[in-house]
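The values are calculated or read from the model by the stated rules, or taken from the named source; none is laboratory data. It should be emphasised that the depicted structure is a prediction, and the values quoted were computed from it without experimental measurement. As a convention, Cβ positions derive from the backbone with ideal geometry for all residues, glycine included, and neighbour counts pool all protein chains shown. Accessible surface areas use protein heavy atoms only, side chains included; no ligands, DNA or RNA. Shrake-Rupley method; radii C 1.70, N 1.55, O 1.52, S 1.80 Å.
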Amino acid sequence: MIAPRLEIDLDKIFQNAVTLVERLAERGISVTGVTKATLGSPEIAGTLLRAGVKALGDSRIENIESMRHAHVPASMTLIRSPMISQADRVVAHADISFNTELDVISKLSSAACDAGRTHGIVLMVELGDLREGIMPRDLEKTVRETLRLPNIVIKGIGANLACRSGVSPDANNMAELSALADSIDSTFGPTVHVVSGGNSANLLWALSGATIGRINDLRLGESILLGRETLHRQPIDGLHTDAMTLIAEVVESKIKPTQPWGEIAQTAFGEELCAIDQGNISQAILAIGRQDIDPGGLVAPLGIELLGASSDHLVVDSGPNPLPIGAEVRFQLNYGALVRAMTSPYVAKIIRSHIPA
Ligand SMILES: *Cc1c(COP(=O)(O)O)cnc(C)c1O
(Lines give C-alpha, C1' and ligand atoms only; values in the text may rest on other atoms or scores of the structure.)
Protein backbone atom coordinates (compact mmCIF):
# COMPACT_ATOMS: atom_id res chain seq x y z
CA MET A 1 0.00 0.00 0.00
CA ILE A 2 1.00 3.61 -0.48
CA ALA A 3 3.45 4.89 2.15
CA PRO A 4 3.94 6.98 4.12
CA ARG A 5 0.28 7.35 4.93
CA LEU A 6 -1.93 8.69 7.66
CA GLU A 7 -4.89 6.43 8.37
CA ILE A 8 -7.85 8.37 9.66
CA ASP A 9 -10.62 6.40 11.37
CA LEU A 10 -13.74 8.50 10.88
CA ASP A 11 -15.87 6.25 13.09
CA LYS A 12 -13.57 6.87 16.07
CA ILE A 13 -13.53 10.60 15.38
CA PHE A 14 -17.34 10.52 15.20
CA GLN A 15 -17.63 8.67 18.51
CA ASN A 16 -15.16 11.03 20.22
CA ALA A 17 -17.06 14.07 18.97
CA VAL A 18 -20.47 12.66 19.98
CA THR A 19 -19.20 11.87 23.48
CA LEU A 20 -17.75 15.35 24.02
CA VAL A 21 -20.80 17.09 22.51
CA GLU A 22 -23.11 15.13 24.84
CA ARG A 23 -21.03 15.62 27.98
CA LEU A 24 -20.70 19.36 27.38
CA ALA A 25 -24.39 19.73 26.47
CA GLU A 26 -25.18 18.62 30.03
CA ARG A 27 -23.18 21.65 31.19
CA GLY A 28 -24.94 24.00 28.77
CA ILE A 29 -21.93 24.26 26.47
CA SER A 30 -21.94 23.79 22.69
CA VAL A 31 -18.92 22.65 20.68
CA THR A 32 -17.21 24.41 17.80
CA GLY A 33 -15.29 21.69 15.97
CA VAL A 34 -11.78 22.89 15.15
CA THR A 35 -10.54 21.60 11.80
CA LYS A 36 -7.14 23.27 11.58
CA ALA A 37 -5.18 20.04 12.10
CA THR A 38 -7.10 18.37 9.29
CA LEU A 39 -6.27 20.76 6.45
CA GLY A 40 -9.97 21.47 6.04
CA SER A 41 -10.82 17.87 5.17
CA PRO A 42 -14.49 17.88 4.11
CA GLU A 43 -14.89 14.25 5.29
CA ILE A 44 -13.69 15.07 8.80
CA ALA A 45 -15.69 18.30 8.85
CA GLY A 46 -18.83 16.39 7.81
CA THR A 47 -18.18 13.81 10.52
CA LEU A 48 -17.93 16.51 13.20
CA LEU A 49 -21.19 18.06 12.00
CA ARG A 50 -23.01 14.70 12.06
CA ALA A 51 -21.72 14.26 15.60
CA GLY A 52 -23.49 17.45 16.63
CA VAL A 53 -20.90 20.22 16.71
CA LYS A 54 -22.64 23.56 16.35
CA ALA A 55 -20.11 25.18 14.03
CA LEU A 56 -16.64 24.75 12.59
CA GLY A 57 -13.57 26.80 13.42
CA ASP A 58 -10.25 27.00 11.63
CA SER A 59 -7.21 29.25 11.95
CA ARG A 60 -6.54 29.40 8.20
CA ILE A 61 -8.82 31.05 5.69
CA GLU A 62 -7.46 28.61 3.07
CA ASN A 63 -8.99 25.69 5.00
CA ILE A 64 -12.31 27.49 5.38
CA GLU A 65 -12.31 28.18 1.64
CA SER A 66 -11.70 24.51 0.83
CA MET A 67 -14.54 23.43 3.11
CA ARG A 68 -16.80 26.02 1.43
CA HIS A 69 -15.82 24.77 -2.01
CA ALA A 70 -16.66 21.24 -0.87
CA HIS A 71 -20.10 22.56 0.22
CA VAL A 72 -19.63 21.68 3.90
CA PRO A 73 -22.89 23.03 5.33
CA ALA A 74 -21.79 24.87 8.49
CA SER A 75 -21.28 28.21 10.09
CA MET A 76 -17.52 28.81 9.92
CA THR A 77 -15.37 30.86 12.25
CA LEU A 78 -11.85 32.03 11.57
CA ILE A 79 -10.24 31.50 14.99
CA ARG A 80 -7.05 33.46 14.35
CA SER A 81 -7.12 37.21 13.87
CA PRO A 82 -7.61 37.92 10.16
CA MET A 83 -4.71 39.51 8.31
CA ILE A 84 -5.71 42.91 6.96
CA SER A 85 -4.46 41.67 3.59
CA GLN A 86 -7.03 38.85 3.69
CA ALA A 87 -10.04 40.89 4.82
CA ASP A 88 -11.94 40.38 1.56
CA ARG A 89 -11.49 36.60 1.65
CA VAL A 90 -12.45 36.46 5.32
CA VAL A 91 -15.66 38.36 4.75
CA ALA A 92 -16.47 36.26 1.68
CA HIS A 93 -16.00 32.85 3.31
CA ALA A 94 -16.07 33.05 7.12
CA ASP A 95 -19.29 33.90 8.95
CA ILE A 96 -17.43 35.01 12.07
CA SER A 97 -13.83 35.86 12.92
CA PHE A 98 -11.95 36.22 16.21
CA ASN A 99 -10.52 39.71 16.59
CA THR A 100 -8.39 41.83 18.87
CA GLU A 101 -7.44 44.85 16.71
CA LEU A 102 -9.72 47.71 15.68
CA ASP A 103 -7.65 48.30 12.53
CA VAL A 104 -8.53 44.79 11.39
CA ILE A 105 -12.19 45.04 12.38
CA SER A 106 -12.53 48.31 10.54
CA LYS A 107 -11.02 46.75 7.40
CA LEU A 108 -13.46 43.84 7.77
CA SER A 109 -16.24 46.40 8.02
CA SER A 110 -15.31 48.11 4.75
CA ALA A 111 -14.80 44.74 3.04
CA ALA A 112 -18.23 43.64 4.28
CA CYS A 113 -19.81 46.86 2.98
CA ASP A 114 -18.19 46.35 -0.43
CA ALA A 115 -19.43 42.77 -0.55
CA GLY A 116 -22.91 43.64 0.72
CA ARG A 117 -22.52 41.20 3.61
CA THR A 118 -22.46 41.35 7.38
CA HIS A 119 -19.60 39.78 9.31
CA GLY A 120 -19.69 38.47 12.86
CA ILE A 121 -17.00 39.32 15.39
CA VAL A 122 -15.93 37.55 18.57
CA LEU A 123 -13.63 39.77 20.62
CA MET A 124 -10.86 37.77 22.24
CA VAL A 125 -9.79 38.78 25.73
CA GLU A 126 -6.37 38.25 27.32
CA LEU A 127 -6.68 36.17 30.49
CA GLY A 128 -3.02 35.55 31.19
CA ASP A 129 -1.66 33.09 28.61
CA LEU A 130 -0.15 36.04 26.70
CA ARG A 131 -1.13 35.02 23.22
CA GLU A 132 -4.05 36.80 21.54
CA GLY A 133 -6.47 38.98 23.44
CA ILE A 134 -7.59 42.50 24.29
CA MET A 135 -6.49 43.48 27.78
CA PRO A 136 -9.66 43.28 29.95
CA ARG A 137 -9.51 46.98 30.86
CA ASP A 138 -9.68 47.87 27.14
CA LEU A 139 -12.59 45.59 26.25
CA GLU A 140 -15.38 48.11 26.84
CA LYS A 141 -13.71 50.70 24.62
CA THR A 142 -13.19 48.12 21.85
CA VAL A 143 -16.84 47.06 22.04
CA ARG A 144 -17.95 50.70 21.82
CA GLU A 145 -15.81 51.33 18.71
CA THR A 146 -16.83 48.05 17.09
CA LEU A 147 -20.53 48.76 17.57
CA ARG A 148 -20.09 51.89 15.44
CA LEU A 149 -18.81 49.99 12.41
CA PRO A 150 -21.29 49.23 9.62
CA ASN A 151 -21.92 45.62 8.49
CA ILE A 152 -20.17 44.27 11.60
CA VAL A 153 -22.09 42.37 14.30
CA ILE A 154 -20.58 41.53 17.66
CA LYS A 155 -21.42 37.88 18.39
CA GLY A 156 -19.62 37.62 21.70
CA ILE A 157 -16.33 37.33 23.50
CA GLY A 158 -13.81 34.57 23.92
CA ALA A 159 -10.51 33.60 25.44
CA ASN A 160 -7.71 31.19 24.70
CA LEU A 161 -5.52 29.65 27.39
CA ALA A 162 -2.89 26.92 27.68
CA CYS A 163 -1.30 27.66 24.32
CA ARG A 164 1.64 30.03 24.56
CA SER A 165 2.28 29.85 28.31
CA GLY A 166 0.35 26.81 29.50
CA VAL A 167 -1.96 28.83 31.78
CA SER A 168 -4.76 26.47 32.91
CA PRO A 169 -8.42 27.40 32.57
CA ASP A 170 -9.83 27.49 36.10
CA ALA A 171 -12.64 28.87 38.23
CA ASN A 172 -10.91 32.27 38.47
CA ASN A 173 -10.13 33.05 34.85
CA MET A 174 -13.43 31.57 33.63
CA ALA A 175 -15.32 33.67 36.21
CA GLU A 176 -13.44 36.71 34.93
CA LEU A 177 -14.62 35.99 31.37
CA SER A 178 -18.22 35.58 32.59
CA ALA A 179 -17.98 38.84 34.54
CA LEU A 180 -16.74 40.64 31.43
CA ALA A 181 -19.73 39.30 29.45
CA ASP A 182 -22.08 40.58 32.19
CA SER A 183 -20.38 43.93 32.29
CA ILE A 184 -20.56 44.44 28.51
CA ASP A 185 -24.25 43.49 28.50
CA SER A 186 -25.05 45.84 31.33
CA THR A 187 -23.27 48.74 29.59
CA PHE A 188 -24.50 48.16 26.03
CA GLY A 189 -27.64 46.01 26.42
CA PRO A 190 -27.66 42.35 25.29
CA THR A 191 -24.53 42.14 23.10
CA VAL A 192 -22.64 39.05 24.16
CA HIS A 193 -24.41 35.94 22.88
CA VAL A 194 -21.44 33.62 22.57
CA VAL A 195 -18.90 33.24 25.34
CA SER A 196 -16.24 31.00 23.84
CA GLY A 197 -14.32 29.81 26.88
CA GLY A 198 -11.37 28.08 25.25
CA ASN A 199 -10.04 24.90 23.71
CA SER A 200 -9.43 21.26 24.67
CA ALA A 201 -7.51 22.51 27.70
CA ASN A 202 -10.85 23.70 29.14
CA LEU A 203 -12.36 20.21 29.34
CA LEU A 204 -11.08 19.31 32.81
CA TRP A 205 -12.59 22.55 34.13
CA ALA A 206 -15.84 22.23 32.14
CA LEU A 207 -16.50 18.61 33.16
CA SER A 208 -15.38 18.99 36.77
CA GLY A 209 -18.71 20.30 38.06
CA ALA A 210 -17.27 23.83 38.31
CA THR A 211 -19.56 26.84 37.94
CA ILE A 212 -19.91 27.37 34.20
CA GLY A 213 -21.21 30.94 34.42
CA ARG A 214 -21.71 32.57 31.03
CA ILE A 215 -19.41 30.18 29.12
CA ASN A 216 -21.58 28.56 26.43
CA ASP A 217 -19.12 27.29 23.81
CA LEU A 218 -15.76 25.54 23.61
CA ARG A 219 -13.58 25.09 20.53
CA LEU A 220 -12.31 21.53 20.39
CA GLY A 221 -9.75 20.07 18.02
CA GLU A 222 -7.12 17.85 19.61
CA SER A 223 -9.46 16.22 22.15
CA ILE A 224 -11.78 15.08 19.35
CA LEU A 225 -9.02 13.86 17.05
CA LEU A 226 -6.65 12.34 19.61
CA GLY A 227 -8.94 11.63 22.58
CA ARG A 228 -6.82 13.46 25.15
CA GLU A 229 -7.19 16.54 27.29
CA THR A 230 -4.33 18.93 26.66
CA LEU A 231 -3.18 20.12 30.10
CA HIS A 232 -1.55 16.79 30.98
CA ARG A 233 -2.24 14.87 27.74
CA GLN A 234 -4.13 12.18 29.63
CA PRO A 235 -6.65 10.05 27.70
CA ILE A 236 -10.23 11.19 28.24
CA ASP A 237 -12.42 8.47 29.69
CA GLY A 238 -14.45 6.77 26.93
CA LEU A 239 -12.61 8.36 23.99
CA HIS A 240 -10.44 6.72 21.33
CA THR A 241 -6.79 7.80 21.33
CA ASP A 242 -5.97 5.91 18.13
CA ALA A 243 -8.18 7.52 15.50
CA MET A 244 -5.03 8.62 13.67
CA THR A 245 -2.17 6.28 12.72
CA LEU A 246 0.94 7.06 10.72
CA ILE A 247 2.46 4.27 8.63
CA ALA A 248 5.99 4.36 7.21
CA GLU A 249 7.97 1.83 5.17
CA VAL A 250 11.38 0.27 5.79
CA VAL A 251 13.98 1.00 3.08
CA GLU A 252 17.14 -0.21 4.84
CA SER A 253 17.67 -2.82 7.55
CA LYS A 254 21.15 -3.72 8.82
CA ILE A 255 23.09 -4.72 11.88
CA LYS A 256 25.09 -1.61 12.81
CA PRO A 257 26.99 -0.30 15.82
CA THR A 258 25.27 2.24 18.10
CA GLN A 259 28.36 4.47 18.05
CA PRO A 260 29.26 6.60 15.01
CA TRP A 261 32.94 6.76 14.06
CA GLY A 262 35.15 9.54 12.69
CA GLU A 263 35.43 13.11 13.96
CA ILE A 264 32.01 14.28 15.17
CA ALA A 265 30.63 17.77 14.30
CA GLN A 266 27.00 18.96 13.90
CA THR A 267 24.21 16.83 12.42
CA ALA A 268 22.09 17.89 9.43
CA PHE A 269 19.78 19.74 11.82
CA GLY A 270 22.53 21.34 13.90
CA GLU A 271 22.21 19.05 16.88
CA GLU A 272 24.98 17.44 18.82
CA LEU A 273 24.58 13.73 19.11
CA CYS A 274 25.23 11.69 22.19
CA ALA A 275 24.88 7.99 21.56
CA ILE A 276 25.39 5.44 24.31
CA ASP A 277 27.44 2.45 23.21
CA GLN A 278 25.19 -0.59 23.22
CA GLY A 279 27.20 -2.65 20.80
CA ASN A 280 25.50 -3.74 17.61
CA ILE A 281 21.76 -3.36 17.01
CA SER A 282 19.24 -4.01 14.21
CA GLN A 283 18.98 -0.56 12.70
CA ALA A 284 16.27 0.23 10.18
CA ILE A 285 15.56 3.29 8.08
CA LEU A 286 11.97 4.32 7.37
CA ALA A 287 11.23 6.52 4.37
CA ILE A 288 9.78 9.49 6.23
CA GLY A 289 11.45 12.49 7.84
CA ARG A 290 11.23 15.93 9.35
CA GLN A 291 9.54 17.26 6.22
CA ASP A 292 6.58 15.03 7.07
CA ILE A 293 6.51 14.64 10.84
CA ASP A 294 7.89 15.97 14.08
CA PRO A 295 9.94 12.93 15.15
CA GLY A 296 9.62 13.92 18.82
CA GLY A 297 5.84 13.57 18.46
CA LEU A 298 5.77 9.95 17.29
CA VAL A 299 4.96 7.02 19.55
CA ALA A 300 6.65 3.90 18.20
CA PRO A 301 5.15 0.44 18.66
CA LEU A 302 6.48 -1.78 21.45
CA GLY A 303 9.98 -3.08 20.68
CA ILE A 304 10.91 -0.24 18.32
CA GLU A 305 12.91 2.75 19.47
CA LEU A 306 13.40 6.02 17.57
CA LEU A 307 17.09 6.87 17.20
CA GLY A 308 17.14 9.91 14.94
CA ALA A 309 15.66 11.72 11.99
CA SER A 310 16.75 13.91 9.12
CA SER A 311 14.61 15.47 6.37
CA ASP A 312 13.74 12.19 4.70
CA HIS A 313 15.03 9.36 6.92
CA LEU A 314 13.77 8.08 10.24
CA VAL A 315 16.26 5.78 11.95
CA VAL A 316 14.99 3.18 14.43
CA ASP A 317 16.35 0.38 16.58
CA SER A 318 14.09 -2.56 15.88
CA GLY A 319 15.26 -4.64 18.83
CA PRO A 320 16.19 -8.29 18.49
CA ASN A 321 14.27 -8.80 15.22
CA PRO A 322 15.53 -7.05 12.07
CA LEU A 323 12.67 -5.48 10.08
CA PRO A 324 12.32 -6.80 6.52
CA ILE A 325 12.72 -4.34 3.65
CA GLY A 326 9.27 -3.15 2.64
CA ALA A 327 7.80 -3.80 6.11
CA GLU A 328 5.44 -1.17 7.51
CA VAL A 329 5.73 0.38 10.97
CA ARG A 330 2.70 2.01 12.59
CA PHE A 331 3.01 5.04 14.88
CA GLN A 332 0.63 7.01 17.06
CA LEU A 333 1.15 10.79 16.88
CA ASN A 334 0.86 13.82 19.08
CA TYR A 335 -0.81 16.99 17.79
CA GLY A 336 2.42 18.51 16.45
CA ALA A 337 3.32 15.40 14.49
CA LEU A 338 -0.29 15.11 13.28
CA VAL A 339 -0.34 18.67 11.96
CA ARG A 340 2.97 18.12 10.17
CA ALA A 341 1.81 14.82 8.64
CA MET A 342 -1.52 16.34 7.56
CA THR A 343 0.21 19.26 5.86
CA SER A 344 2.94 17.19 4.18
CA PRO A 345 2.08 16.57 0.53
CA TYR A 346 4.25 13.43 0.76
CA VAL A 347 1.97 11.73 3.31
CA ALA A 348 -1.13 10.12 1.79
CA LYS A 349 -4.34 10.52 3.77
CA ILE A 350 -6.43 7.37 3.87
CA ILE A 351 -9.87 7.84 5.36
CA ARG A 352 -11.62 4.77 6.76
CA SER A 353 -15.22 4.53 7.85
CA HIS A 354 -17.81 1.81 8.33
CA ILE A 355 -20.67 4.28 8.47
CA PRO A 356 -21.72 5.39 4.97
CA ALA A 357 -21.42 9.16 4.52
C1 LIG B 1 -6.16 25.58 17.83
C2 LIG B 1 -7.14 26.42 18.54
C3 LIG B 1 -8.20 25.81 19.21
C4 LIG B 1 -8.35 24.30 19.33
O5 LIG B 1 -7.43 23.83 20.25
P6 LIG B 1 -7.38 22.27 20.64
O7 LIG B 1 -6.34 22.22 21.69
O8 LIG B 1 -6.99 21.55 19.40
O9 LIG B 1 -8.72 21.91 21.12
C10 LIG B 1 -9.14 26.63 19.81
N11 LIG B 1 -9.02 27.97 19.75
C12 LIG B 1 -8.01 28.60 19.12
C13 LIG B 1 -7.99 30.08 19.10
C14 LIG B 1 -7.03 27.84 18.49
O15 LIG B 1 -6.03 28.47 17.86
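Taking a sphere under 12 Å around the Cβ of residue 280 and counting the other residues whose Cβ falls inside, with K and R at +1 and D and E at -1, yields a net charge of 0. Within straight cross-link reach of residue 254, meaning Cα distance under 30 Å, which lysines are found once same-chain residues fewer than 8 apart are removed? Excluding near neighbours in sequence, the set is 349. Shape of region 102-177 from the C-alpha gyration tensor: prolate (a/c of 1.5 or more and a/b above b/c, with a ≥ b ≥ c the square roots of its eigenvalues). Considering only Cα atoms, the convex hull volume of region 304-357 works out to 147 Å³ per residue. Comparing Cα centroids, region 85-148 and region 179-237 end up 20 angstrom apart. The calculated P(r) of region 17-64, using every Cα pair and 5 Å bins from 0, goes 5, 25, 29, 21, 12, 6, 1 in percent. A protection proxy built from the mean count of other Cβ atoms within 10 Å ranks the segments 53-62, 110-119, most packed first, as 53-62, 110-119.
Calculate the tail of P(r) for region 1-86: the fraction of all Cα-Cα distances greater than 21 Å, expressed in %. Percentage above 21 Å: 35. Lysine pairs in region 10-226 whose alpha-carbon atoms fall under 27 angstrom of each other, counting only those eight or more residues apart or on distinct chains, come to 9. Taking 268, 309, 287 in turn, the Gaussian network model of the chain (Cα-Cα springs below 10 Å) assigns the largest fluctuation to 268. Taking a ≥ b ≥ c as the square roots of the Cα gyration tensor eigenvalues, with a/c under 1.5 meaning rounded and otherwise prolate when a/b beats b/c, else oblate, which class fits region 244-352? Oblate, since a/c reaches 1.5 and b/c is not below a/b. For region 158-226, the equivalent ellipsoid built from the Cα gyration tensor has semi-axes of 22, 12, 11 Å, listed from largest to smallest. Within region 287-357, the chymotrypsin sites (Phe, Trp or Tyr not before Pro) that combine a DSSP coil assignment with at most 15 other C-beta atoms in a 10 angstrom radius are 346.
Just the protein heavy atoms count here, and of the accessible area of the chain at 1.4 Å, carbon and sulfur take up 52 percent. Highest GNM mean-square fluctuation, the chain, Cα pairs closer than 10 Å: which of 237, 294, 88? It is 237. Taking the average, over residues, of other Cβ atoms within 10 Å as the packing measure, peptides 249-261, 150-162 rank 150-162, 249-261 from highest down. In a reduced charge model with +1 at each Lys and Arg Cβ and -1 at each Asp and Glu Cβ, region 42-95 shows a dipole moment near 140 debye about its Cα centre. Once C-alpha pairs closer than 8 Å and six or more residues apart are averaged by separation and normalised to the residue number of the chain, the relative contact order reads 18 percent. Here the simple spin-label model places points 7 Å from the Cα toward Cβ, and for residue 69 and residue 350 these points are separated by 2.6 nm.
Shape of the chain from the C-alpha gyration tensor: prolate (a/c of 1.5 or more and a/b above b/c, with a ≥ b ≥ c the square roots of its eigenvalues). With each label modelled as a point 7 angstrom along the Cα→C-beta vector, the residue 245-residue 313 pair spans 2.8 nm.
Values of log10 I(q)/I(0) for region 229-306 across q = 0.12, 0.18 Å⁻¹ run -0.53, -1.03, by the Debye formula with one identical scatterer at each alpha carbon and no solvent.
The modelled label-to-label distance between residue 266 and residue 25, using points 7 Å beyond Cα along the C-beta direction, is 5.5 nm. The base-10 log of I(q)/I(0) for region 153-282, evaluated at q = 0.19, 0.20, 0.21, 0.22 Å⁻¹, reads -1.05, -1.11, -1.17, -1.22 [Debye formula, identical scatterers on Cα atoms, solvent excluded].
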